[in-house]
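The values are calculated or read from the model by the stated rules, or taken from the named source; none is laboratory data. These figures come from a predicted structure and were not determined experimentally. A quick note on method: Cβ atoms are made from the backbone with ideal geometry, for glycine too, and the neighbour counts reach across all protein chains shown. These area figures cover heavy atoms from the full protein model, side chains too; ligands, DNA and RNA do not enter into them. Shrake-Rupley method; radii C 1.70, N 1.55, O 1.52, S 1.80 Å.
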Amino acid sequence: MQACTGIENIDEAITLLEQNNWDLVAAINGVIPQENGILQSDYGGETISGPAFDPASHPAPAPAPSSSSAFRPVMPSRQIVERQPRMLDFRVEYRDRNVDVVLEDSCTVGEIKQILESELQIPMSKMLLKGWKTGDVEDSTVLKSLHLPKNNSLYVLTPDLPPPSSSSHAGALQESLNQNFMLIITHREVQREYNLNFSGSSTIQEVKRNVYDLTSIPVRHQLWEGWPTSATDDSMCLAESGLSYPCHRLTVGRRSSPAQTREQSEEQSTDVHMVSDSDGDDFEDASEFGVDDGEVFGMASSALRKSPMMPENAENEGDALLQFTAEFSSRYGDCHPVFFIGSLEAAFQEAFYVKARDRKLLAIYLHHDESVLTNVFCSQMLCAESIVSYLSQNFITWAWDLTKDANRARFLTMCNRHFGSVVAQTIRTQKTDQFPLFLIIMGKRSSNEVLNVIQGNTTVDELMMRLMAAMEIFTAQQQEDIKDEDEREARENVKREQDEAYRLSLEADRAKREAHEREMAEQFRLEQIRKEQEEEREAIRLSLEQALPPEPKEEIAEPVSKLRIRTPSGEFLERRFLASNKLQIVFDFVASKGFPWDEFKLLSTFPRRDFYRGCRTRIKRNHRYGGTAYMKGRLQVTM
């Protein structure tokens, strides 16, 4: 990029490439009309030239190796045509609104404000337009003189206007908590800038602690400039502190005497140069991923942190992963994959040993602090929003740190147990510079299959494509598993229905059997009672029959009464009784024939009389003549 355009500032060249999604041809074509006045089209072959090319101000680039790029330098053509106006796109953000503005590069900054005034209903005098690469600019500044790329992002500040209502302010605050702030922090003693990304929910204390890791200045000795007046408490989150969005400049120094400041500055400068000299090649490699000098230095400092990602010889894997997650968040921010807290076996249970519809792929991230690719991979690839979202929806992500030999040996043991010796040997032979690794695991019935091993030297697009390819394989297998599971559940449902019907049938049969048994038992009980009653009655009858006095003979001199008793069945009972006998003997006689007097009555025919009331009356002698008695219903007698 620098060789083709003549741009000496590497930060500016990297910024142009980032704004064009690292498309070299698009970035150069966006700069050449301003720098050299030349624009070549690959399709029409038309060449448009502007001001004359000055070789002195733009030295010829060094010969570059052959490349497949469609761009090739073009010298000014002799044919001079009128330069076409160049259009610039601006996206302007104000609170919760975004306004798109398209203008020619010959327009001024004030014309942008005029358009924003009609769109946002904000007076130009109350409007501060921020986000220019060159700092604050005047309203009369021509856009062409700013050397802007085609696509630009600006934001509007209105410090003189009152804040919105409480409800809208709460919504804006919630949105700010989800935004990322770029803090451009200048270390005063060594005159170095650090570009640090923090989420809106991060606190000022967390910023100061991160700066301590970079500058070795303890928080209590840090002297800051640039914080808003509203940032009075270190526990305040960045979204509430009044920082400028999306970027804010701060300056930090050491709170000490001048002599100590100079000594510390020299020491810190020496340390910085030592790191830059020893790791210069690594930083050049990192620049290929689109990382500027400040970010590279920040990542190098992160690698020199004393706090390890994971404790050595941790007894509990869950506690080790808690420290890993906390340290990962402190280094690379809160926007990162959600790491599963627990053992590898628990991650298997969560990902594979559930219903087929709920299964997910298992992604194992293997970290190594000594690899030059680790910081670039974590900050640029693993923490990209698209990667984080895709992993959260489709994967269970588990992590482990292989920096320490004990942790490395422990993971290889787990890998050998769960994936086999081939996978364990593959990881064992990986060199340090090939880390970090990303293992994609799919559970297949009784085994676990490693679908892909992704090394750290990749890009966001390549990482996403490999994740999606693994997801396609998993989805096909998952559909088969869902079909098999549905068929198995259908069979089990039929079996359960049959078992339930059989159980209900058994219960019905048992209920019938129990009812029948109860009925038989009741009948048997009643029959026993009836037999006992009959036996009792028979015993009473026999005892009464034996207790009766003998029947008097006809030739006896005493008065005798002969009674004829008719039973309810029409039969007649005849017997002679002494006139001196009590009526009870008659009752006993009738009872001895099977008609107990407590169930039957002894009645006379005429006059009708119940003899039960006069059971002690003696039969008179003048009743010697015979009489007829009968039983009707209960025992009745007719005299």
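Please list, ordered by first then second residue, the pairs with beta carbon atoms under 9 Å, 6 or more apart or interchain, first in the range 438-450 and modelled with pLDDT of 85 or more, second assigned to a loop (DSSP other than H, G, I, E, B) and surrounded by fewer than 17 Cβ atoms within 10 Å (Cβ to Cβ). So the pair list comes out as Phe438/Gln455; Val450/Gly420.
Across the range 317-349, what is the total count of residues that are in contact with a His (Cβ under 8 Å, 6 or more places away or on another chain) and open to solvent by less than 20 Å² (accessible area, probe 1.4 Å)? Within the range 317-349, residues that are in contact with a His (Cβ under 8 Å, 6 or more places away or on another chain) and open to solvent by less than 20 Å² (accessible area, probe 1.4 Å) number 4. Those strands (runs of 3 or more DSSP E) of the range 76-160 in which at least 1 residues are open to solvent by 70 Å² or more (accessible area, probe 1.4 Å), at pLDDT below 85 and of a type outside the set (Ser, Thr, Tyr), considering only elements entirely within it, cover 97-104.
Determine which member of the set Arg496, Arg530, Arg537 is at pLDDT 85 or above, basic (Lys, Arg) and open to solvent by 100 Å² or more (accessible area, probe 1.4 Å). Can you show your working first?
On the way: Arg530 fails: open to solvent by 100 Å² or more (accessible area, probe 1.4 Å); Arg537 fails: at pLDDT 85 or above.
The unique qualifying residue is Arg496.
Residues to consider are Gly200, Gly253, Gly242; find the one that is open to solvent by less than 40 Å² (accessible area, probe 1.4 Å), modelled with pLDDT under 85 and not hydrophobic (A, V, I, L, M, F, W, C).
Among Gly200, Gly253, Gly242, only Gly200 is open to solvent by less than 40 Å² (accessible area, probe 1.4 Å), modelled with pLDDT under 85 and not hydrophobic (A, V, I, L, M, F, W, C).
Without any contact (Cβ under 8 Å) to a residue 40 or more places away in the chain and crowded, with 16+ Cβ neighbours inside 10 Å: is that true of Gln430 in this structure? In short, yes. Looking across the range 451-483, just one residue is open to solvent by 50 Å² or more (accessible area, probe 1.4 Å), under 20 Å from Glu350 (Cα atoms) and touching a residue at least 12 places away in the same chain (Cβ under 8 Å), and that is Ile473.
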